[in-house]
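Heads up: the structure comes next, in structure tokens.
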Amino acid sequence: MFEMSSNMLYIAFGLYLLSTICFAVSITGKKFKNKTGEERNKSALFGYVTAVGAVGFSIAYMALRWIAVGHAPVSNMFEYTAALGIAMALAFVILYPIYKNNYLGLFTMPVVMLIIAYASMFPTEAQPLIPALQSEWLYIHVITTVIGQGILAIGFAAGLLYLVRMVDFTKKDKKVKGVEFIMFTLVATVAYVGIVGGFQAAGYEAEFQYINEFEEEATIAYNLPPLVGPNEGELISEQGFDPPILMPEFIVSEDVNTILWSVLGGMVLYLLLRIVLRRPVGGALQPLVRNVNPQTVDEISYRAIAIGFPIFTLGGLIFAMIWAQIAWTRFWGWDPKEVWALITFLFYAAYLHLRLSRGWQGERSAWLCVIGFALIMFNLIFVNLVIAGLHSYA
Amino acid sequence: MDKKQKRFWMRSSILLVMLAAIGYTFYSHFSEDRGLVDAGDEAPDFVLTDLDGEEVELSDYQGQGVYLNFWATYCTFCRQKMDDLKDHYEDFEERGVHVLNVNVDESTLQVERHKERYELPYDLMIDRDMLVSDAYGVGVLPTTLSINADGEVVNRSVGGKTEEQLVGELESIVPET
Amino acid sequence: MKDVICECGHKNPYGTYLCESCGKPLKEEDKKVANMRYEGVARRSQTYSSSIVDKVWNFFSSVKVGIWIIVLLLVSSSLGTIFPQEMYIPPGENATEYYAQEYGIAGQLYYDLGFHNLYSSWWYMLLIAALGISLVIASLDRFVPLYRALKKQRTTRHAAFMRKQRLYGESDTDDSSDEDFDKVRAALKKKRYNVREENGNLLAEKGRFSRWGPYVNHVGLIIFLIGGMLRFFPGMYLDEQVWVREGEREVIAGTGGEYFIENHEFIVDFYDDDAGELFQEAITREEAPVVSNFQTNASLYRQPDDASIGGESDLEHVEDHEIRVNDPFQIDSISLFQVDFKLNELNTFSFGLEDEEGEMVGDVEFTVDLNDPEGFYEFDNGYTIEIMEYFPNFYIDDNGEPTTLNRVPDNPRIIFEVFPPELEPNEDSGELSMVGIQVNESLNDTSHTIRMTDADTIDVTGLTIRRDHTLPIIITGGAIFMVGLVQGSYWHHRRIWLQRKDGRWLIAGHANKNWHALKKDIASVTEGTSLPEPVDQLDSEEEPQKDE
């Protein structure tokens, strides 16, 4: 059962890829209309159908895993992050019939794939639940939150689409740099997945003996070649080499090493792209999205946020408070994760007020959508992995 | 009343209500920890047994002052205070002020040995399960409540105090004759 | 500050952009599309600012100020997560040193700025208070005029109003215009629009109640904040901890000695091999065993009503409950939560006595209850052992005197005085020795040695006692907030105006959001009629020319 659920996710991943390709074809491919003016290029329809199929397989993955492990598969970093990708795809599948916007598919599906691929870099095996998580509120709270965030993420995709469509890439101003930074982040994530996934598959491990922050001897295993080593580190495994730089004891050198690899890999990929394209990456995408109606995309992003915000609030704050009251005796305790959920809430609340009352539409609104998504990812990754708190289960 | 005046009063009263609510919240949050029982409150009645097994009830001392002192063997300021009390308690006893030293639920042996070790001449009581301490909202030791002849708390003092302060507190609850 | 009289005869308050009744723009603006925010009515705050009260009021009424408060709250909240708050630093650590020690200069600065208690600092609370005031005033200021405007709107709007709508179209009417008009009206009604007619003009409206969504959710938020404020009022909120040893009974603080809790057994379960193959990989990855359950089997007792505080009386058994994480014990308004535990706390020591030759003295065997030791232990063979001093948690204080840190037997030391048969306990002084864990010192000439023969431990459960009378208010506020949020987000206010003026069709549409649906609605109701297709005037505004 467990293995089957993993296979479902693989199939879904393949379908997401197929869907991306279909949407790309529907945009770049020739328009052939028959005599009655009916569109005969069916690839958009194929794209949507495969997306629906992919979501179906994704839900099958979740259901099977739920049955296999006995609890909702949203209890650790892999499960949650994968669920976020799936929720985003689900939101797309629901929103597409309203606007029939193929460009949105072209921008959403790759982000979905990237999120799921990123998720699979975390340990994917089944984990037992600690007592604090043993509650039906686990899935009520987390699944509602993840659906809300998935819909908000559509706001990001539409916002990004808007920016790529509207920013003038012939200039070299802050806007271009901003869009390029988003592109770089996406590329660096691809690099991270590629590098970590590659070395994982190859079974790479370099082990060091080092002095930790308590001034004790300890060992640490790297799954990537060591660009930086731990404090007073000495290689003790066969694989690996002596790193050129050693980190001081208060820094987790392995994390620095991973980040370094991702940034460097991202830089190499990005530079390659620039060389091949001979212009900013966003600028290279712009001709593809020439036919996009900015008003429509702006409205899609706004609607995504207007729909996602109440769901996120319900799951991420209201249900969260109810569960916290039951499990931790108080509905609010200023735990970092709680605070960042509040910050996300406040941010989108500010977005809505700016949009409704101060007329921040179009480009400014698109930037806010991007920042909002950055906040969601920050809360997911940084707060969980770096700022320790009650939510650090992964 | 014209429109403008009406609006002024309307706005002023809404602002005032909000300001009062916020002001009170700030006051109760930032003012020093208020005990459950504080100056001005009536002292809740209680029954305790002393080391000889005799029951002592607060209401027995109606018409007299009661100096209610919560303490523990491991509390340094309590030791200081109880040492100072040695010199004064008899004097005040004659003037109608009773000192009740209430230990916060330590073992009988410890309290007995403490009494011997520091040669404490007065009675000691043990508050089993800390019922009395909880009723009086005792958190930090020593906490002392000065109760006057009418059974009203006139002062709640927390932490170490000098001998002068101690005597002052005792003086404040000497019943008028 | 005079009222403005529109040409339709309606009297508008000063500051109105669009006539409340007919919609004619009262101020010249060169924009193509009218600003429909709050229907163009005069926000009360903008109108006058004569006294201080008005100035304060206007300050908080501004959405700009509101957004600034939100942003400030957002930024300052994030500051509090840089390092842990004081309540999350390891227990027993002293905040004055902890931050500097752990995080260096940045940590010291963090502490000095008071960020270790950021969320209860005066300025953070002031920000939340400002948010609350802004919510009240801004909502009041907008709700009333908006309500008036929507109530008073006329079916026939001024042509200038129509022309300034984002969706607008016009064309010549033809012979079939009456027929088309009826067709459209029927189609609108079918789409559940609320249709009004006046002099052959039409206003179709749908989803107006969604306009109240923001005000409903603001009211919810205000109630929620009031609930939060009430926590600071005496008696509303109780937060206590109680430690109960297995087999013992403790009073539940805050109940005035009415309730007692007994711990029959404390249980910790771990995921082990029985958990199945599935979790094996994850369990072996963890260095420590993974806990599957914390549980206290507890009973609740109640003191009969007539007893006074501290008085001894029999307790009545009320109820049993297995307290687990996620499954608290609820009694009246009080809840008991499983939050902590201590395994193997020392409970009793058993001792024997050894004479000079190292032989155990027969019959001299005794057990000391570390939570309630006895003073004397007398034996048939004439030996007497007295406990001279007992320190449950021994340490040497600043004056060099032995004392105890608290009453928990974590590091018990006992000073024994041994009186062999030849000594008289009341007159002579006996042999003194101090005994503790791995400690056995004689303090004077001793010929006997006390030997610890056994130590018994016990598990202790840590429960949080919580009573929160603010919860019903918080829940009400949260529920109202959610209702308002859904009401304002998932329904949309749409209006379509249709007029025949001087032989021309005028059609205009306005939606507060989701223009897409409005456009579709208009397209569908005008299908097969001679009515013009309205254009989105923003499309042409932003992109004057587009070559395809």
Kindly indicate the residue of the range B:136-148 that is out of contact with any Leu (no Cβ under 7 Å at 6 or more places or on another chain) and touching a residue at least 24 places away in the same chain (Cβ under 8 Å) and also farthest from C:L238 (Cα to Cα) among those meeting that condition. B:N148
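Do we find that A:W367 is within 18 Å of the chain's Cα centre (by Cα), farther than 16 Å from A:Q149 by Cα, of a type in the set (F, W, Y) and not assigned by TED's automatic domain parsing to the domain that holds A:V179 in this structure? Give the steps one after another, and end with the answer.
Numbers: within 18 Å of the chain's Cα centre (by Cα): yes; farther than 16 Å from A:Q149 by Cα: yes; of a type in the set (F, W, Y): yes; not assigned by TED's automatic domain parsing to the domain that holds A:V179: yes.
Taking the combined requirement at face value, the residue satisfies it.
Where in the range C:351-463 are there strands (runs of 3 or more DSSP E), lying wholly inside it, with at least 3 residues that are more than 30 Å from C:D239 (Cα to Cα)?
On the way: elements: C:360-369, C:376-378, C:384-391, C:394-396, C:402-404, C:413-419, C:431-436, C:439-442.
Result: C:360-369, C:376-378, C:384-391, C:413-419, C:431-436, C:439-442.
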Name the single residue, out of those in the range A:272-294 being among the hydrophobic types (A, V, I, L, M, F, W, C) and under 30 Å from C:D536 (Cβ atoms), that is surrounded by the fewest Cβ atoms within 10 Å (Cβ to Cβ). A:L288
Of those in the range C:500-534 that are in a strand (DSSP E or B) and in contact with a strand residue (DSSP E or B) (Cβ under 6 Å, 6 or more places away or on another chain), the residue nearest to the other protein chains (Cβ to nearest Cβ) is C:A511
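For the range C:368-410, name all the residues that are within 14 Å of chain B (Cβ to nearest Cβ) and over 25 Å from B:A72 (Cβ atoms). Give the steps one after another, and end with the answer.
To start, the set of residues in the range C:368-410 that are within 14 Å of chain B (Cβ to nearest Cβ) comprises C:368-377, C:385-410.
Within the range C:368-410, C:Y377, C:I385 qualify.
Of these, C:R495, C:R500, which one is touching a Leu at 6+ places or on another chain (Cβ under 8 Å) and either under 25 Å from C:L221 (Cα atoms) or surrounded by 21 or more Cβ atoms within 10 Å (Cβ to Cβ) (or both)? Give the derivation first.
Numbers: C:R500 fails: either under 25 Å from C:L221 (Cα atoms) or surrounded by 21 or more Cβ atoms within 10 Å (Cβ to Cβ) (or both).
Only one candidate passes the filter, namely C:R495.
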Residue count, the range A:134-166, condition more than 23 Å from A:L186 (Cβ to Cβ) and surrounded by fewer than 21 Cβ atoms within 10 Å (Cβ to Cβ), comes to 9
If only one of A:A206, A:A188, A:A202, A:A218 is in contact with a helix residue (DSSP H, G or I) (Cβ under 8 Å, 6 or more places away or on another chain) and among the small types (G, A, S), which one is it? A:A188
Do you know which residues across the range A:154-178 are under 18 Å from A:L114 (Cα atoms) and of a type in the set (A, V, I, L, M, F, W, C)? A:I154, A:F156, A:A157, A:A158, A:L160, A:L161
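Does A:Y348 fit the bill of being assigned by TED's automatic domain parsing to the domain that holds A:L138, in contact with a Phe, Trp or Tyr (Cβ under 8 Å, 6 or more places away or on another chain) and either among the small types (G, A, S) or in a helix (DSSP H, G or I) (or both)?
Values: assigned by TED's automatic domain parsing to the domain that holds A:L138: yes; in contact with a Phe, Trp or Tyr (Cβ under 8 Å, 6 or more places away or on another chain): yes; either among the small types (G, A, S) or in a helix (DSSP H, G or I) (or both): yes.
Judged against the criteria, A:Y348 is a match.
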Based on this model, can you work out whether C:S51 counts as farther than 20 Å from B:V17 by Cα and within 9 Å of another protein chain (Cβ to nearest Cβ)? no
Looking at (1) under 30 Å from C:W122 (Cβ atoms); (2) more than 14 Å from every other protein chain (Cβ to nearest Cβ); (3) among the aliphatic types (A, V, I, L, M), can you tell me which one C:V195 breaks? (1)
List, please: which pairs have Cβ atoms under 7 Å, are six or more places apart or on different chains, and start with a residue in the range B:23-39 that is more than 7 Å from chain C (Cβ to nearest Cβ) and modelled with pLDDT under 75 and end with one that is surrounded by 12 or more Cβ atoms within 10 Å (Cβ to Cβ) and not in a helix (DSSP H, G or I)? B:G35/B:Y136; B:G35/B:G137; B:G35/B:R156; B:L36/B:Y136; B:L36/B:G137
Test: B:S31 is of a type outside the set (K, R) and over 26 Å from B:S172 (Cβ atoms): no
Applying the selection to the range C:464-488, what residues are surrounded by 21 or more Cβ atoms within 10 Å (Cβ to Cβ), over 17 Å from the mean Cα position of the chain (by Cα) and part of a helix (DSSP H, G or I)? C:G484, C:L485, C:G488
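Okay, residues lined up against (1) closer than 30 Å to B:Y118 by Cα; (2) surrounded by 13 or more Cβ atoms within 10 Å (Cβ to Cβ):
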| site | (1), (2) |
| --- | --- |
| B:F26 | no, yes |
| B:E42 | no, no |
| B:V47 | yes, yes |
| B:L68 | yes, yes |
| B:M82 | yes, yes |
| B:H88 | yes, yes |
| B:V97 | yes, yes |
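Only residues that are more than 8 Å from chain C (Cβ to nearest Cβ), closer than 15 Å to A:I371 by Cα and surrounded by 20 or more Cβ atoms within 10 Å (Cβ to Cβ): list them for the range A:333-351, please. Even if it seems obvious, please write down each step before you answer.
Initial filter on the range A:333-351 (more than 8 Å from chain C (Cβ to nearest Cβ)): A:337-338, A:341, A:344-345, A:348, A:351.
Filter once more, so that each one left must be closer than 15 Å to A:I371 by Cα: A:341, A:344-345, A:348, A:351.
Across the range A:333-351, the qualifying residues are A:A341, A:T344, A:Y348, A:Y351.
Looking at the range C:183-262, what strands (runs of 3 or more DSSP E) fall wholly within it and have at least 3 residues that are touching a Phe, Trp or Tyr at 6+ places or on another chain (Cβ under 6 Å)? Can you show your working first?
Numbers: elements: C:194-198, C:201-206, C:237-245, C:249-251.
Hits in the range C:183-262: C:201-206.
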Please determine whether any residue of the range A:253-266 is over 30 Å from A:L356 (Cα atoms), out of contact with any Asp or Glu (no Cβ under 9 Å at 6 or more places or on another chain) and of a type in the set (D, E, K, R). yes
Top-ranked residue of the range B:120-169 - restricted to ones that are aliphatic (A, V, I, L, M) and touching a Lys or Arg at 6+ places or on another chain (Cβ under 9 Å), ranked as surrounded by the fewest Cβ atoms within 10 Å (Cβ to Cβ): B:L120
Could you give me the residue pairs with C-beta distances under 7 Å whose first residue belongs to the range C:247-260 and is within 7 Å of chain B (Cβ to nearest Cβ) and over 12 Å from B:V132 (Cα atoms), whose second residue is modelled with pLDDT under 80 and outside any loop (DSSP other than H, G, I, E, B) wherever it lies, and which are 6+ apart or on separate chains? C:E250/B:D129
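The values are calculated or read from the model by the stated rules, or taken from the named source; none is laboratory data. Model, not experiment: these values are computed from the prediction. Cβ atoms come from the backbone with ideal geometry, glycine included; neighbour counts cover every protein chain shown.
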